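**Q** Just passing along the structure, written as structure tokens.
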Amino acid sequence: MKLIKRWLLSIMDHSLSLQERLYRLISSIGVLALISAFMVSFLLGEDKESVITLGIAALLVGGLCALSVYTRRIQLGAAVTGFFILNIILPLIYFLGGGMYGGAPIWFVLGFTYVCLMVEGRLKWYMIALGATEVLAVYYYSYRFPHMISPHTINAAYVDSAVALILVSSLICLLLTFQNKVYRSENELAQQQKKEIEELNQAQNRFFSSMSHEIRTPINTIIGLDEMILRDAISPEVAEDAKNIQGASKMLLALINDILDMSKMQSGKMDIVPVAYEVTTMLSEIVNMVWMRAEKKGLSFHMDVDSSLPSQLFGDEVRIKQVLVNVLNNAIKYTNSGSVTLSIHCEKLSTNRVLVTYSIADTGMGIKKENIPYLFDAFKRVDQEKNRLIEGTGLGLSIVKQIVDLMGGEITVNSIYTRGSTFIIKLAQDVVDARQIGALSLESMHVMSKQEHYRQSFEAPGARILIVDDNEANLMVAAKLLRETKIQIDTVTSGEECLQKTLGTHYNGIFMDHLMPEMDGIECLHAIREQVGGLNRETPVVALTANAGSDNQALYRNEGFDGYILKPVSGTLLEASVLKLLPKDLIISRSGAAEEAMAREILEEHRAKVPILITTDSVCDLPDAVLSRLDIPVLPYRVVTNRGVFLDGVETESDGILVYMKDPSNKVHSEPPDVASYEDFFAANLVNAENIIHITIAKKASEGYRNALEAAETFDNVTVVDSGHLSSGMGLMVLYARKLSSEKKTVEEIVSSLEEMRDKVRTSFIVDDTEFLARAGRLPNRIHTVCRILMLHPIIILKRSKLTVGGIRIGRRVKFRKEYISKALEALGTIDDSTLFITYTGLSQQDLQEIRAEVIKKAAFKEIIFQKASPSISANCGPGTFGLIFARKR
């Protein structure tokens, strides 16, 4: 009994591999089956040969299993055991146990089941094919030569087949029961480990965020006071020292940002935020940052810029600059003599899109061929012995690679050891201003950066602002940076003092630190908004904080702040933020740049109505930058929780919803805007448009279509179109409609084309865990239970505007993801390869990279866009879900 108990415990022992545990389980069932057959044959008084064969088989199979477990050669043991059972033992039992008139044919079922469950890869199919061939041969041989079969009496035949049927059915049932228990246990362990990893990641992120905050605070003082020194009339020597302090501070800040960025990437929270930017300004800033480092090492720094490069592009300027500075600093760091060269080439992809190729070449030590695959690994330094004295965190190139991937670009390396390296970065970007920058020289870039003289952007002596920060050095820096604007500035060091000030003095703007003792900035903001008799309940409040990260920006926006500035802050940025808050009548003097900005505002206010405006709902899952650039207004869905109702993507984020739903008692569901909300939305947007075409989620997936249609009846110039899809499939319909409107198509032509396009778009998702579908009421609990036990993963598709199951995948995550991608991208010749959306929820950066790699193996899309699903979509499908969304060729 002790031996049996130990064996059963080993099957549930998580310290053993899943394969070994299943082998122990299934092989035990096989041995038990042979022992049972031996006992039945003995009791029925069958031929001695049959009884002895079964006894020897049980001993041999048991011995093989024990030897395989002892030597840990599980796969080999499974293959040998399967072959022995299916191709030797069972054919012998067939001939010795009555052939067709015994229990052997039924035992063959158990043999095939054993091979199917235990043997992996192609070998499994070879063995099944061999077994099937042998079964056919045995049947044929017994038919042609019946005298070779040991005969059974009729009574023995009935008893033997009945007992075999009961035993085989019972053993298979026992096998499946134990196997499901093992899988459930393994799944529970995986969920527990996932939870522990998430908690560890959260603790790590809190640490990095706290570290960033604590270091940014003194750096803010250093950079701010250094800027004040540079503003004054100082000697060249002092100016050079101040510049060096500024450069060293920015370098320290870059190191902090690298660590924070790596933390974000590991947790999948790194965001790309495209904006329109001036190419020459960006290049000038890059030159200014790297020129001095190269000069100090005695290196020549060269720059070759394609004169056809557009003057304004649309991309994430901050991240592009971070990538180029990281690679340039790396080149300077590993080059002891010679030069570093930055070359920029521009290739036109379409009328409004270009491919910019940045090439950074150096004459440094180069990279060994065998080390290139590890070049972009975090914390890993190649050629350690030769580079041991070189400073750095080992994060730079890893971050560069991941940022380039997030931007949909490509980075490659060419290197000859001891002779130098060339890094090539390719990024596709939209054109904002097609005017060419013309010929640029390195000297002009450097002179541009050196000849900058401070001049305040405005003067507003009649305005008053309040700055709240528990660090007096930060208050001093902010006040000094704004000194030349002549604005009246009050400073306080706590939330309590702030409330005393706001009770008796009206301010045009308040800048508030977040982390303060006793009362933090968020609590203080709420107190200001609710202050009885307060004079600043409507005053704009901007968060002035050292808490970096897009998640913090979302927090401040959701809590009601009117803006967000990250420390350390420059005088230019601080002035621009104040200027944005002030009433125009308080500004008595502006710089030329400010006047240009005002002129642009006036032109914007008086622009003509667009003929057709495309609008949609927040569940379209398109990047915010794309919606903003294409001027597509969005009406948010509602996310309903135990704690209240929140606007989708405005007052709540997907990651927050997933964290909230980890507690099964927390209920979440999404609702479309009601008819009144659609009416208000259409009325507000008709101010800027002659006609509106509003594209909704599939009409059978939500009430949104019906609500929008009812609201549109109030207007003569609003048309509602059923996209027939959801998420980014709906987004593709929106983009297609926007393209047609830009081509000056009529409303009727656009609607007709959209109806044709609806059948071309392919929207599908593979669900990792059906629990969230069940909790959202989209799947019966009994079906969810079956899916969890059998490790079933449904593929959700849109068919005739209705959500339906398009298939089922079984097994582990890596396996079912590969099968889903392969199935979704079959019939490559019919796929429009221009754009693929990979829309996801709750996936890590590593998950996304693995999915991207698998997609690239199957199809070559020109653009792959990773899009985090909206909170409304995430609440229904849960973490781990992702979909491949694209169009078929028209």
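**Q** Please verify whether region 287-296 includes one or more residues that are in a helix (DSSP H, G or I), open to solvent by less than 10 Å² (accessible area, probe 1.4 Å), in contact (Cβ under 8 Å) with a residue 24 or more places away in the chain and not small (Gly, Ala, Ser).
**A** yes
**Q** Go over the candidates Tyr705, Tyr678 one by one and state the one that is touching a residue at least 40 places away in the same chain (Cβ under 8 Å) and closer than 17 Å to Asp648 by Cβ.
**A** On inspection, the qualifying residue turns out to be Tyr678.
**Q** Among the residues of region 677-719, what is the count of those that are in contact with a His (Cβ under 8 Å, 6 or more places away or on another chain) and closer than 14 Å to Ile612 by Cβ?
**A** Residues flagged as in contact with a His (Cβ under 8 Å, 6 or more places away or on another chain) and closer than 14 Å to Ile612 by Cβ within region 677-719 amount to 3.
**Q** Could you tell me whether region 604-617 includes any residue that is under 18 Å from Asn876 (Cα atoms) and at pLDDT 80 or above?
**A** Yes: region 604-617 contains one or more residues that are under 18 Å from Asn876 (Cα atoms) and at pLDDT 80 or above.
**Q** Let me ask something additional. Considering only region 509-538, state which residues are within 40 Å of the chain's Cα centre (by Cα), under 21 Å from Leu582 (Cα atoms) and not small (Gly, Ala, Ser).
**A** Within region 509-538, Ile510, Phe511, Met512, Asp513, Leu525, Ile528, Arg529, Arg537, Glu538 meet the criteria.
**Q** Considering only residues that are within 14 Å of Thr545 (Cα to Cα) and either in contact with a strand residue (DSSP E or B) (Cβ under 6 Å, 6 or more places away or on another chain) or part of a helix (DSSP H, G or I) (or both), which ones fall in region 565-584?
**A** Ile565, Leu573, Leu574, Ser577
**Q** With respect to Leu647, determine if the residue is out of contact with any His (no Cβ under 8 Å at 6 or more places or on another chain) and in a strand (DSSP E or B).
**A** Taking the combined requirement at face value, the residue satisfies it.
**Q** Still on this structure, please answer the following. Of all residues in region 118-162, count the ones that are open to solvent by 60 Å² or more (accessible area, probe 1.4 Å) and either under 15 Å from Gly103 (Cβ atoms) or part of a helix (DSSP H, G or I) (or both).
**A** Here the count works out to 21.
**Q** What number of residues within region 76-90 satisfy the criterion of being within 23 Å of Ser161 (Cα to Cα) and either of a type in the set (A, V, I, L, M) or buried (at least 19 other Cβ atoms within 10 Å of the Cβ) (or both)?
**A** 6
**Q** To continue, here is another question. Just one of the numbered conditions (1) outside any helix (DSSP H, G or I); (2) open to solvent by 50 Å² or more (accessible area, probe 1.4 Å); (3) within 30 Å of Ser350 (Cβ to Cβ) is not true of Thr719; which one?
**A** (2)
**Q** Moving to a separate point now. Specify the residue that is farthest from Thr881 (Cα to Cα); the eligible residues are those in region 829-842 that are surrounded by fewer than 21 Cβ atoms within 10 Å (Cβ to Cβ) and in contact (Cβ under 8 Å) with a residue 12 or more places away in the chain.
**A** Thr830
**Q** Please determine, by comparing only the residues of region 794-803 that are farther than 14 Å from Thr770 by Cα and touching a strand residue (DSSP E or B) at 6+ places or on another chain (Cβ under 9 Å), which one is least open to solvent (accessible area, probe 1.4 Å).
**A** Here the residue is Ser801.
**Q** Criterion first (more than 28 Å from Phe145 (Cβ to Cβ), modelled with pLDDT of 80 or more, assigned to a helix (DSSP H, G or I) and small (Gly, Ala, Ser)) does Ala66 satisfy it?
**A** no
**Q** Determine whether Leu171 is modelled with pLDDT of 75 or more and open to solvent by less than 80 Å² (accessible area, probe 1.4 Å).
**A** Judged against the criteria, Leu171 is not a match.
**Q** Test Glu690 against the stated conditions and say whether it is open to solvent by 50 Å² or more (accessible area, probe 1.4 Å), part of a helix (DSSP H, G or I) and not aromatic (Phe, Trp, Tyr).
**A** So Glu690 fails the test.
**Q** Which count do you get for residues in region 633-646 that are touching a residue at least 24 places away in the same chain (Cβ under 8 Å), open to solvent by 10 Å² or more (accessible area, probe 1.4 Å) and closer than 26 Å to Ile885 by Cα?
**A** Residues flagged as touching a residue at least 24 places away in the same chain (Cβ under 8 Å), open to solvent by 10 Å² or more (accessible area, probe 1.4 Å) and closer than 26 Å to Ile885 by Cα within region 633-646 amount to 4.
**Q** What's the number of the only condition in (1) at pLDDT below 80; (2) closer than 22 Å to Val163 by Cβ; (3) open to solvent by 60 Å² or more (accessible area, probe 1.4 Å) that Glu46 fails to meet?
**A** (3)
**Q** Right, another one. Say whether the condition of being charged (D, E, K, R), in contact (Cβ under 8 Å) with a residue 40 or more places away in the chain and open to solvent by less than 30 Å² (accessible area, probe 1.4 Å) is met by at least one residue in region 808-822.
**A** Within region 808-822, one or more residues are charged (D, E, K, R), in contact (Cβ under 8 Å) with a residue 40 or more places away in the chain and open to solvent by less than 30 Å² (accessible area, probe 1.4 Å).
**Q** Let me ask something else. In region 742-759, which residues are in contact with a Leu (Cβ under 9 Å, 6 or more places away or on another chain) and either open to solvent by less than 70 Å² (accessible area, probe 1.4 Å) or at pLDDT below 90 (or both)?
**A** Within region 742-759, Ser742, Ile750, Ser753, Leu754, Met757 meet the criteria.
**Q** Mind listing just one residue for me: the one in region 401-413 that is touching a Phe, Trp or Tyr at 6+ places or on another chain (Cβ under 8 Å) and in a strand (DSSP E or B) and, of those, most open to solvent (accessible area, probe 1.4 Å)?
**A** Thr412
**Q** Identify the residue in region 853-890 that is open to solvent by 20 Å² or more (accessible area, probe 1.4 Å) and of a type in the set (S, T, N, Q) and, among all such residues, is modelled with the lowest pLDDT.
**A** Asn876
**Q** Given (1) at pLDDT below 90; (2) open to solvent by less than 30 Å² (accessible area, probe 1.4 Å); (3) in a strand (DSSP E or B), identify the lone condition not met by Phe314.
**A** Only one criterion in (1) at pLDDT below 90; (2) open to solvent by less than 30 Å² (accessible area, probe 1.4 Å); (3) in a strand (DSSP E or B) is unmet by Phe314, namely (2).
**Q** Confirm whether Thr770 is over 23 Å from Val640 (Cα atoms), under 24 Å from the mean Cα position of the chain (by Cα) and either crowded, with 19+ Cβ neighbours inside 10 Å or free of Cβ contacts under 8 Å to residues at least 40 places away in the same chain (or both).
**A** Taking the combined requirement at face value, the residue does not satisfy it.
**Q** Please verify whether region 181-202 includes one or more residues that are closer than 30 Å to Leu515 by Cβ, open to solvent by less than 60 Å² (accessible area, probe 1.4 Å), modelled with pLDDT under 80 and outside any loop (DSSP other than H, G, I, E, B).
**A** Yes: region 181-202 contains one or more residues that are closer than 30 Å to Leu515 by Cβ, open to solvent by less than 60 Å² (accessible area, probe 1.4 Å), modelled with pLDDT under 80 and outside any loop (DSSP other than H, G, I, E, B).
**Q** So, one more: Residues in region 730-763 that are over 30 Å from Gly807 (Cα atoms), among the acidic types (Asp, Glu) and in a helix (DSSP H, G or I): how many?
**A** Summing the residues that are over 30 Å from Gly807 (Cα atoms), among the acidic types (Asp, Glu) and in a helix (DSSP H, G or I) in region 730-763 gives 2.
**Q** Here's another thing I want to ask about it. Could you list, in sequence order, all residues of region 533-570 that are open to solvent by less than 10 Å² (accessible area, probe 1.4 Å), in contact with a Phe, Trp or Tyr (Cβ under 7 Å, 6 or more places away or on another chain) and at pLDDT below 85?
**A** Within region 533-570, Tyr556 is the sole residue that qualifies.
**Q** Only one residue in Glu826, Glu850 is charged (D, E, K, R), in a helix (DSSP H, G or I) and surrounded by fewer than 20 Cβ atoms within 10 Å (Cβ to Cβ), so which one is that?
**A** Within the list Glu826, Glu850, the selection yields Glu850.
The values are calculated or read from the model by the stated rules, or taken from the named source; none is laboratory data. Note that this is a predicted model, so its numbers are computed, not measured. Cβ atoms come from the backbone with ideal geometry, glycine included; neighbour counts cover every protein chain shown. To get the accessible areas, we keep the full protein, side chains included, count just its heavy atoms, and leave off ligands, DNA and RNA. Shrake-Rupley method; radii C 1.70, N 1.55, O 1.52, S 1.80 Å.
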